[in-house]
Amino acid sequence: MRITKGNLQKLEEYYRGYLEGEKLEEFFKDFDIKFACGHWAAGDFKDRFATEGYWPELDSSIEAQMERVAKAGIKGIEFHDVLFLNENLKVVEDRIQKVKELLEKYELTPTTMNVNMFTDPRWKLGSVTNPKKEVREKALEVLLQAAEIAKELGCSTLSFWPGQDGWDYNFEVNYGRSFEWFIEACREAAKRCKELGLKFGIEAKLKEPKEGNMIVPTTHLAGWIAYVINKELGAQVMGVTIDYGHEQMYAVEPAFTVYALYKMGVPITNIHINTAKLHSNDEDRVFGTGDIWRFVDYLYATIDVGYDGWYSEDQFTYRMDPVRAMALSKELFGNLMKKALIIYAHKDELEDARAKGDQFEVINVVKKYILSF
């Protein structure tokens with residue numbers, strides 16, 4: 001992100017009021033805000049209640065999805081590795097080449113390669129923590145292969161969300177052994193990413209699809225794993241992907257998570273934005289439709305620690321046209337980021353109020369920027 005005295009001053013006058021259309025685009029350019037979207041947010045959506053999907057007439061090919069992302073005015077795009085694999089989990093080079101051509105056609109930047117080891121039933125008992133050694137070995141092979149795909153496609157980051165690694169019931173797994181297996185896999189992935197010049201992040205989540213717990217249920221634990229592995233490797237190659245909705249699931253303060261990682265010296269490799277209620281499921285609704293104070297506090301934290309990566313939509317807007325939903329999420333994000341930036345421009349006032357320990361004064365400093373700016 002580009003923050004200068006000049007563009008912060010411009011906030012006070014030129015960008016006052018609700019941003020949309022050309023002025024919204026100008027705002028993103030002025031501050032060089034990197035905004036992306038997962039390709040999955042541009043397709044049809046299925047769940048256990050609508051197994052045929054909510055938009056069965058929608059073309060969900062990767063070309064159609066990429067075209068929709070571009071139509072929504074979004075510049076970056078995330079992928080899943082399975083887009084480039086055959087039924088035997090081997091790379092199909094033609095698919096990589098096709099997506100490269102589409103990236104150029106739609107003027108999109110590839111940002112993150114996500115590892116999908118959660119939709120295929122072969123991973124139902126876990127991927128890198130599966131009780132069967134041969135399955136764990138295959139999962140590690142797929143994880144390392146995803147790093148190669150990321151490099152070839154031009155992504156800067158490999159992200160691993162271990163959706164099927166965890167447990168549903170007490171006593172189901174040996175917790176310590178499973179944790180060792182997970183750390184071992186992360187260590188190997190981080191080594192390969194270091195060799196390839198990629199960042200590697202793991203994405204935590206409390207539960208779902210594993211309903212007892214996932215193997216890495218909190219971002220704070222993910223940060224500790226990254227800290228340990230970075231220390232071993234002597235490099236800051238490993239970090240975390242923060243998903244806003246996942247933080248809501250266990251009702252942590254997302255802004256505090258940002259600062260905790262910063263103090264650990266652990267990089268944030270990617271940020272997924274969406275909305276979910278506290279202590280709820282991973283709803284992945286349009287960003288900015290929940291607690292505005294919490295959203296702005298979170299975005300302020302990312303500015304304050306100097307995060308310069310991508311903010312990426314990870315949303316499943318089941319009953320909403322995906323192009324309109326992606327564009328709306330970007331629009332709301334831009335307006336909330338503007339509020340966070342104007343508070344940052346008045347950081348000294350905020351810190352003075354905090355230093356006094358005066359809750360009234362703290363709220364007094366930020367209230368007008370959050371509610372009316």
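The values are calculated or read from the model by the stated rules, or taken from the named source; none is laboratory data. Just so it is clear, the model here is predicted, and its values are computed rather than measured. Every residue, glycine as well, gets a Cβ built from its backbone with ideal geometry; the counts of neighbours run over all protein chains shown.
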Whether any residue in region 186-196 is modelled with pLDDT of 95 or more and on the phi > 0 side of the Ramachandran plot is what I want to check. no
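The rows are residues; the columns are (1) modelled with pLDDT of 95 or more; (2) in contact with a helix residue (DSSP H, G or I) (Cβ under 6 Å, 6 or more places away or on another chain); (3) surrounded by fewer than 23 Cβ atoms within 10 Å (Cβ to Cβ).
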| site | (1), (2), (3) |
| --- | --- |
| LEU140 | yes, yes, yes |
| LYS151 | yes, yes, yes |
| SER156 | yes, no, yes |
| PRO162 | yes, no, no |
Scan region 146-165 and give yes if some residue there is farther than 22 Å from VAL92 by Cβ and among the acidic types (Asp, Glu), otherwise no. yes
Checking the condition part of a helix (DSSP H, G or I), touching a residue at least 12 places away in the same chain (Cβ under 8 Å), among the aromatic types (Phe, Trp, Tyr) and under 30 Å from PRO56 (Cβ atoms), which residue from PHE333, PHE295, PHE316 passes? PHE333
Just checking, does region 209-220 include any residue being under 25 Å from GLY288 (Cβ atoms), among the β-branched types (Val, Ile, Thr) and part of a loop (DSSP other than H, G, I, E, B)? yes
Selection count, region 221-254, where residues are out of contact with any Pro (no Cβ under 9 Å at 6 or more places or on another chain), under 17 Å from HIS279 (Cα atoms) and surrounded by fewer than 21 Cβ atoms within 10 Å (Cβ to Cβ): 3
If I go through region 332-353 residue by residue, how many of them are of a type in the set (Lys, Arg) and touching a helix residue (DSSP H, G or I) at 6+ places or on another chain (Cβ under 6 Å)? 1
Residue set GLU180, GLU188; condition free of Cβ contacts under 8 Å to residues at least 40 places away in the same chain, part of a helix (DSSP H, G or I) and either surrounded by fewer than 22 Cβ atoms within 10 Å (Cβ to Cβ) or of a type outside the set (Ser, Thr, Tyr) (or both); output residue GLU180
Within region 87-132, can you find the residues that are aliphatic (A, V, I, L, M), surrounded by 15 or more Cβ atoms within 10 Å (Cβ to Cβ) and part of a loop (DSSP other than H, G, I, E, B)? LEU89, LEU108, MET117, LEU125, VAL128
Within the bounds of region 71-81, is there any residue that is over 30 Å from GLY306 (Cβ atoms) and under 22 Å from the mean Cα position of the chain (by Cα)? yes
Single residue of region 312-343 satisfying the filter (surrounded by 19 or more Cβ atoms within 10 Å (Cβ to Cβ) and either over 21 Å from the mean Cα position of the chain (by Cα) or among the charged types (D, E, K, R) (or both)) that is nearest to VAL296 (Cα to Cα): LYS339
Are there any pairs, at least 6 apart or on different chains, whose C-beta atoms fall under 9 Å, with the first in region 23-44 and surrounded by 18 or more Cβ atoms within 10 Å (Cβ to Cβ) and at pLDDT below 95 and the second in a loop (DSSP other than H, G, I, E, B) and of a type in the set (Ser, Thr, Tyr), and if so, which? GLY43/SER60; GLY43/SER61; ASP44/TYR54; ASP44/SER60
